[in-house]
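Only one structure is covered here, and it is reproduced in the block below.
Nothing in this text is a laboratory measurement; each read-out follows from the coordinates by a stated rule. Source: prediction; values computed, not measured. Note: ideal-geometry Cβ built from the backbone for every residue, glycine included; neighbour counts use all protein chains shown.
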Amino acid sequence: MSAQEEFGIRPDEVIIELPATPDASLYFIGHIRTPWKKRADCPKNARGSEAVCTVELDARYGDGLKDVETCSHLVLLYWMDKAPRNLMRQAPGHHGGAQHGTFALRSPVRPNPIAMSVVRLIKVEGTKLSVVGLDCLNGTPLLDIKPYLPSVDSVPEAVCGWRLRKD
């Protein structure tokens, strides 16, 4: 089943034609192990589950984990490799079917399906991290790990205006 078939197109959603070639390359530094094998099984957001998941870092990047165990929370960036990349307007079912631009949503469906979650670090064993706070499919490629810094990462006054409207 193709990504487009898996995610489907809802009425009023808008797709585009993507460029013929990508502009950059990147390295997957590992993979994420979760209990979810199908999109429908995944939580709608990273705070939607208390499941303990495993981040498996490729051994070559192991030295980069020095002192990571001192962090209570981490930011994980990952590649939603099963998501379509050509949808610019979406009508998420759990948002009442209202249409929104891709860049106003946290949906995995985007030109560059990069996802981000702030996870709670449970333990580190070699190049495996046990974490809570993910919403991705089992086997999702990992792009990066960063420490969560509340002094710079938290913006309590931030708003997403369309979520406040009572349409």
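Note on residue 16 and residue 153: the model spin-label points, each 7 Å out from Cα along the C-beta direction, lie 2.9 nm apart. Remark: spin-label model distance residue 59-residue 146 equals 3.0 nm, labels positioned 7 Å along the Cα→Cβ axis.
About the centre of its Cα atoms, segment 38-108 shows a dipole size close to 560 debye [charges on the beta carbon of Lys, Arg (+1) and Asp, Glu (-1) only; nearest 20 debye]. Quick one: go through segment 38-82 and flag any residue whose amide nitrogen is under 20 Å from the point 7 Å out along the Cα-to-Cβ line of residue 162. Under 20 Å, as judged by backbone N against the label point of residue 162, lie 44-46 of segment 38-82.
Most exposed first by the Cβ proxy, i.e. fewest other Cβ within 10 Å, how do 110, 60 rank?
60, 110
With N the number of residues in the chain, Rg(Cα) / (2.2 N^0.38 Å) evaluates to 1.10. Given the options 69, 125, 56, which has the most mean-square fluctuation in a GNM of the chain, springs set between C-alpha atoms less than 10 angstrom apart? Fluctuation is largest for 125. If R0 is taken as 30 Å, the Cβ-Cβ distance between residue 50 and residue 28 corresponds to a FRET efficiency of 0.70. Of all the options 43, 150, 141, the one that moves most in a Gaussian network model of the chain with Cα springs shorter than 10 angstrom is 150.
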